[in-house]
Each structure stands twice: as C-alpha cells, then as structure tokens.
Amino acid sequence: MINILWVDDEIDLLKPHILFLEKKNYKVSTCKSGTEAIDALDEENFDIVFLDENMPGLTGLETLNEIKEKKDTLPVVMITKSEEEYIMEEAIGNKIADYLIKPVNPNQILLSLKKNLDHSRLVNEKTTLNYQQEFRKIAMDLAMVNSYEDWVSLYQKLIYWEIQLEDIEDASMFEILESQKVEANSQFGKFIDKNYPDWFHRDADAPIMSHTLFKEKVVPEINIEQPTLLVVIDNLRYDQWKVFEPIINNYYKKDSEDAFFSILPTATQYARNAIFSGLMPSEMEKLYPQFWKNDTDEGGKNLHEADFLETQIKRLGLNHLNYEYHKITNLKTGKKLAENFKSLKNNDLTVVVYNFVDMLSHSKTEMEVVKELASNDKAYRSLTLSWFKNSPLLDIIQQAQRMGFKLILTTDHGTINVKNPSKVIGDKDTSLNLRYKTGRSLTYENKDVLVAKNPNEIYLPSINMSSSFIFAKNDLFFAYPNNYNHYVSYYRNTYQHGGVSLEEMIIPFVVFSPK
C-alpha cells in the first residue's frame, strides 16, 4: 500500500480529499506543522509527502529543506495558495516532485500520485503498447523502402524506439526491435549495393555525402556577422548524438537536424578527409599526392586535414574567410583549447575535430574494463554521455554559446557492434581493417560483402592494377583462417567501422543558434 504524509495546518478542511484517497487504497497520515512532519519521518517510512507552503512555525520551504536533508530521494509535492515566482523557483531548486496551486481537487492529487509513484509502470506499459502498434508500420516500411530519404526516416525511427525501449522491463520488446534492426541492415546492404555507384553520376539523385557536406551544408551556414563553431566528433553514431542532445539544448536551440551519408569505406582516413577536401579519395590521391596516403602507405592517414580544408576553401572562392582548424586527440589539448577559446571570437569559422569517441571504440577492443563498461549499445551510449558531460568539449560549447557562436555538430562516420565473422583471404599487402579490405586476389564469402572490383567507379584509389575493395555488411567482421578461433573471440562484440550498415553510413548534421 502507498503511504502518504500530508502536511497542512488546515488539514481538517482536507478530510474529503483524504477519504477519496483512502477509497483508492492509499494510506494517508496527517500532520499540522513542519515540526510534526519531521518527527513523523523519523518514525515511519513514507512514499510521498504533500506539503503546504504557508504554515505557522516552520514554513513549507523550510520544512522542504529539512525533509531533503533527511531523505533526499523522497518525493515532495508542494501545495500553495501563492503564485509568486520566487516560491516556485525555491521549491523547484530544492527538487520538488510537483507543484500544485490551491484550491486543489482530488483528481489533481491522484494525477500527481500517478505521475510520481506509478510513472515507471505507466511509461513501460504505454511505451510497450505504442511500439507494438509501431512494429507493424516499421515492418511495412521495411518492405517498401526504396530511396535514401526513406532509409534515413526508417533508421531515425528505429533509433527513437531503441532509446525508448532500453529502460522498460519487458526485454522481449527490445529483442523484437533488435531483430528489426538486423532485418533493416540486411535490406540496407542490398540498397547500397544497388544504388551507391549511381550516386556519383552527373545529375544523379544522390544524398549529401562526405565530400559534398562542407560545400552544400556548412558553407551556407557561415555568416561573417556571426562566428560559427563547426565540431566534428569522430565516429559518432546517430544514437549517441541523440542521448547528449538534451545537454546541448540547455545552451543552444536547434535550428535544423539532417542526416547525411558517409562515403565508403566508412573509415576516418577516407570519410573525414573527404569532408575537409570536398573530394573523393581517388581525386585526393590524384590532385594532392603530397597529402594523401593509401592503406598500405607508412605514416598517419589523417595528418593533412587542415591542408585539405585550405584547398577546399580556396576552391570555393572563400579566401576572405577568417578561419582556424583544431584537432583534439587527448584531454590535455582539449583543456588547452577550452582555456584559450576566447581568442577565437574574431574567427568567421572555427573547426574543431574531437577524437574521443573513436578512441573509446578502439579501447573496447583492446581493454577488458572498457568491454565491461560498453558491453552493448545501451552501455556504449551511456559511456559516451558520461564522457561528454565531463569533457572539455562541453566547456567549449558553453563558451561558444556565451560568445554568440552558431554551432554546427556532425561526424565523419558511425560504428557498429560486430557479432559474426566472415572468412577472407588476402596477400600480405591486404589492408588490416575488419570492416573493409583492399588488395589483390581477395577471396571472400560473396553473400557477406559489397564488392568494388573496379574501385575507380566509386572514386576509390587502386593501390595496383588488380586491387579491389570489399565492404562487410550487417554486423560481420572479416577474419583470416589462420588462428581463426582466437581472432574471432578477440574481436566479437567490439565496435568497428569501415563497412556498410545504417549505423556507419547514416550520420547526423545539426545546426544550433545560441540561447
């Protein structure tokens, strides 16, 4: 039985309300003062407190403070005749559960009880029911989806329901959603296989992709009257963005949210260089061989993003643009940028590449403790959220808001939790990535991959005349037959990127104005 403590110096006038609640099987204990209430809390456990704000002796706000010191998690509903703003602010600041204005009727009280004590159960039941209804629609959409816009819409819907269902007690609903995601990725792989090469034809109906993003989406947002902060968080999935969106909403209001498609391979050296150069990889190799490195080349593959950005800005005729590029690869450089951020106020455009999420996904492969902390997508989202809330990046975004910066947030590609191995054989020069391979004489399972026998067709460089690319679909990862079982055990249930999946290819581009 729910045990209620009702504190009001005119409690006798509330007898009808109390009888109403008792008929609904609630137990109601009463007190006429704050002092009595504090004593009652020492003697008995209550599920919720209804507290009058205007009482002789200890006021409602003073009693509230005492209650919170004793039992911080106990829900308290403040009831008051006053509509003065400072009382509301004081009560809300002390984490009240609800705020009711007198005269209250019994149904208001009942609603507050339902909201505070039955909230989880009601949300679980309603969410489950809503998804059951939506399940049929998603299944129908999956059978009919045939455009990149449809795929964006379907993927966003799946992510919405994944986040909604992750905390409900009925695990079977989440398992059904997971099966829908697997089916969606299977269909998406076929769609990409069929349509991806056509997106590079002149006048093709193609989505915004990595190499067109800066010109088509970033440049129109740049205004010399207002500084712009472009943040590229490496390896950020759409679902990870959605869980820390509410934090950014404390400082910025969202102007627009779009999704764009990462190029293949969905790997940093290809996708992020494409964003900053405005070119596809084979074009980068041809025009800027001093900046481009292939998979088999020695040295870092993303050391020239700033150079690529400079060439694109010149090519677009934006020489007047006052801009800076910063890459953050560790906590020290993040803090340093945050400390010096005020010096960037005169830039038209400040670009910040933040590398933490990529490091997190690689750490999950290599460190047992991170495997425990990010054992599934829900935990992976939670870990990303925890990082963001405590990162120098949030400090930078808060400063940007205070300084009036427009904010653009995006990424280069996503990542997928790989579950199943697919055997591949290649020579010693075959690339090492688990979600794509490039090299000569590759042997593979046809059903598991998207194949580019002529890489030039999709604007990828050929390391030699007979090189091809293969991209893993679904949740597969490539494994060599040598030492196969050890290899599979080590990489199963790790986050990888480079292949074809909704998680890797459909990624967010969000524009904000400061509040």
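The values are calculated or read from the model by the stated rules, or taken from the named source; none is laboratory data. From a predicted model like this one, the values you see are computed outputs, not experimental measurements. When we count neighbours, we look across all protein chains shown, and the Cβ atoms used for this are built from the backbone with ideal geometry, even at glycine.
For the stretch 470-481, does any single residue satisfy the condition of being more than 18 Å from the chain's Cα centre (by Cα), at pLDDT below 95, surrounded by fewer than 22 Cβ atoms within 10 Å (Cβ to Cβ) and of a type in the set (D, E, K, R)?
The answer is no; no qualifying residue exists.
Is it true that residue 239 is surrounded by fewer than 20 Cβ atoms within 10 Å (Cβ to Cβ) and either under 30 Å from residue 403 (Cα atoms) or not hydrophobic (A, V, I, L, M, F, W, C) (or both)?
Against the criterion (surrounded by fewer than 20 Cβ atoms within 10 Å (Cβ to Cβ) and either under 30 Å from residue 403 (Cα atoms) or not hydrophobic (A, V, I, L, M, F, W, C) (or both)), residue 239 does not qualify.
Could you please give the count of residues in the stretch 156-204 that are surrounded by fewer than 17 Cβ atoms within 10 Å (Cβ to Cβ) and in contact with a Ser or Thr (Cβ under 8 Å, 6 or more places away or on another chain)?
Adding up the residues that qualify gives 1.
Which number in (1) within 30 Å of residue 78 (Cβ to Cβ); (2) of a type in the set (A, V, I, L, M); (3) in contact (Cβ under 8 Å) with a residue 60 or more places away in the chain; (4) in a helix (DSSP H, G or I) marks the one condition that residue 104 misses?
With (1) within 30 Å of residue 78 (Cβ to Cβ); (2) of a type in the set (A, V, I, L, M); (3) in contact (Cβ under 8 Å) with a residue 60 or more places away in the chain; (4) in a helix (DSSP H, G or I) applied to residue 104, the lone miss is (4).
Of everything in the stretch 112-145 that's over 26 Å from the mean Cα position of the chain (by Cα) and not hydrophobic (A, V, I, L, M, F, W, C), which residue is modelled with the lowest pLDDT?
So the residue we want is 118.
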